[in-house]
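Novice: My questions will all concern the structure given below.
The values are calculated or read from the model by the stated rules, or taken from the named source; none is laboratory data. Everything numeric here is computed off the predicted structure, so don't read it as measured data. Counting neighbours? That spans all protein chains shown, and the Cβs are built from the backbone with ideal geometry, glycine included.
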Amino acid sequence: MSAKFPITSGKTFRLAIAANFEGLSGQLKKIARYIDASGEQIGFQGVREVAVKCDVQPSAIVRFAKHFGLSGFSEMQAVFRDDIARKMASPRNYSSRIRDVIKAGDRRLTSAEIAHEFIGGSVVAMQALAQQLDEAAFEGAVIALAESDTIWVVAARRSFPIAAYLDYALQHTDKRVQMLSGLGAMHQGQARSVRTGDVMLAISFAPYAKETLACVVAAHERGAKIIAITDSDLSPLARQAAHVLVVKDDAAFGFRALTSTMGLSQSLFIALAYRLALPPQVHPT
């Protein structure tokens, strides 16, 4: 049992797992890896479904929870449900979130300290992206974009600036580029123009914009290839995607950055532009 890290959130649970990982049995290590990669999904899954995902027996899931001082699967699930609830509540107005930061602190922060917190978190997230980039998925995404005549880009709310950048950048290629802006709440109407052979770049993170998900489903049904930029291989976008690019930006003071997502998106465009400029016989494989 781990007593070093009280389990109060998904983050503290992952800290406890990291500290105790080497001492876990083979089965428990499978569960640990699943939680590290996709813990929030447990908030929506039953114990049998989690067991299937981890390729273990349900009893092993219960044993895992108890190893870390929890009463069983239900309490472990509650940890992640609480995380999900906090994220779902995060779109509160900015003033409320800032007040929470002030209440939580034991002193007034300087503007420079706030900047360093955000910048430091972004640096860590960028380093993690560089180390964990799925090179095969990234290469597959670049090839799919290169082979398509028409590229669609869709995102909403927090992810919208990424879509706007990709729309701008991709206009510098000879591809036909369309952004599903949703102007006038017409996301699905715009998606009806997607055709077989097109590629859709979709960007969304938990709790996942329903407009983006609807466009992805519609495009997939119309025969388009989906490239998802999202935060988990178990994201609802990933279910329809041919290529999944996972990126996890850091959060500070209740605000999630876009630094790593923008870096990944710029890398995707530059890699595509490079490939398009190469003579066909020297294309990397």
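Novice: Search segment 205-220 for residues being small (G, A, S) and not in a loop (DSSP other than H, G, I, E, B), and hand back the single one that is nearest to the chain's Cα centre (by Cα).
Specialist: If we take residues in segment 205-220 being small (G, A, S) and not in a loop (DSSP other than H, G, I, E, B), then A214 is nearest to the chain's Cα centre (by Cα).
Novice: Name the residues in segment 110-135 that are charged (D, E, K, R), surrounded by 14 or more Cβ atoms within 10 Å (Cβ to Cβ) and modelled with pLDDT under 85, would you?
Specialist: Quick first cut of segment 110-135, residues charged (D, E, K, R) only: 113, 117, 134-135.
Still in the running and surrounded by 14 or more Cβ atoms within 10 Å (Cβ to Cβ): 117, 134.
Residue satisfying the conditions is E117 alone.
Novice: Within 14 Å of the chain's Cα centre (by Cα) and modelled with pLDDT of 85 or more: does that describe I270? Explain how you work it out, then say what you get.
Specialist: Numbers: within 14 Å of the chain's Cα centre (by Cα): no; modelled with pLDDT of 85 or more: yes.
No: the conditions fail for I270.
Novice: In the list D174, D167, which residue meets the criterion of being of a type outside the set (S, T, Y), modelled with pLDDT of 85 or more, closer than 21 Å to K225 by Cβ and buried (at least 18 other Cβ atoms within 10 Å of the Cβ)?
Specialist: Just one listed residue meets the conditions, D167.
Novice: Just to verify a result, which residue in segment 221-232, among those that are over 13 Å from the mean Cα position of the chain (by Cα) and touching a residue at least 60 places away in the same chain (Cβ under 8 Å), is nearest to L264 (Cα to Cα)?
Specialist: Top of the filtered list is K225.
Novice: So, one more: Say we look at segment 27-74 and pick out the residues that are surrounded by fewer than 16 Cβ atoms within 10 Å (Cβ to Cβ) and aliphatic (A, V, I, L, M); which of these is farthest from the chain's Cα centre (by Cα)?
Specialist: Filtering first and then ranking leaves V52.
Novice: Based on this model, can you work out whether G223 counts as surrounded by fewer than 20 Cβ atoms within 10 Å (Cβ to Cβ), small (G, A, S), at pLDDT 80 or above and outside any helix (DSSP H, G or I)?
Specialist: On the way: surrounded by fewer than 20 Cβ atoms within 10 Å (Cβ to Cβ): yes; small (G, A, S): yes; at pLDDT 80 or above: yes; outside any helix (DSSP H, G or I): yes.
So G223 passes the test.
Novice: Return a yes/no flag: does segment 229-242 have any residue that is touching a Leu at 6+ places or on another chain (Cβ under 6 Å) and either among the acidic types (D, E) or at pLDDT 90 or above (or both).
Specialist: yes
Novice: I've got another one for you. Scanning segment 196-220 for residues that are charged (D, E, K, R) and either modelled with pLDDT under 90 or within 25 Å of L258 (Cβ to Cβ) (or both), which turns out surrounded by the fewest Cβ atoms within 10 Å (Cβ to Cβ)?
Specialist: Applying the filter and picking the extreme gives K210.
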